[in-house]
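Every number here is computed from the coordinates shown, using simple stated rules; none is lab data. Quick caveat: nothing in here was measured; it's all calculated off a predicted structure. Here the Cβ positions follow ideal geometry from the backbone for every residue, glycine too, while neighbour counts run over all protein chains shown.
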């Protein structure tokens, strides 16, 4: 029995995510599961990352040219628009600029936030992380195969398998990836502040893991929410 309990516990230490209930209001939780490394693109991955899983983008889902954000080491490798509003939910100069501004805001404040909260940064290696954007909400196909809330397909290994939970963002720690909804801009082409908060939240989880702050999913979740509030973005 003890052996079974230990095995179950070993699978519970997974990654981080920003989730939504059926009405698309925002909450968050954390989990980890590895993801794969497509071969059709030049990757900056460290060599220690784990084996492939169905979560990672397939070659045909990758951007032809990755988008490097202005903040250090953050690269967009997948950005698939929603069929309901393809012109505003895909890559555009306005959406990329909005992500750049949030990325800069996060990096400008992360170290000060860590210092003020007595969080120890354990090394100063170059940060490397990958961003995958895809349809997320129920309204815009989030449950469809390969999309962010494909609970029983692409993301079958990511708990909770609950029909009433919608993920807005999710961070796979050991594979150095953030998966999040694609609506940086809304249907009218205006900036969507909720999605930018999700990005900042998930980027905190990524930085926390990378720099050795992370030690407990619930604590890290609280810190991520406090960090986005610290930035003036809400939770």
The residues 177, 139, sorted from fewest to most surrounding Cβ atoms within 10 Å, come out as 139, 177
Would you mind ranking 152, 110, 179 so that the residue whose beta carbon has the fewest other beta carbons within 10 Å leads the list? 152, 110, 179
Plugging the Cβ-Cβ distance of residue 235 and residue 68 into 1/(1 + (r/R0)^6) at R0 = 41 Å yields, to the nearest 0.05, a FRET efficiency of 0.90
Label residue 138 and residue 124 with points 7 Å out from Cα along Cα→Cβ: what is the distance between them in nm? 4.9 nm
Percent relative contact order for the range 58-166, counting Cα pairs under 8 Å at least six residues apart, stands at 24 percent
Among 184, 235, 198, which comes first, second and so on when ranked by fewest other beta-carbon atoms within 10 Å? 235, 184, 198
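Once you have the Cα-Cα distance between residue 96 and residue 116, take 0.36 nm times their residue separation minus that, and quote the gain in nm to one decimal.
4.2 nm
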Assuming R0 = 22 Å, what is the FRET efficiency of residue 187 and residue 104, from their Cβ-Cβ distance, to the nearest 0.05? 0.25
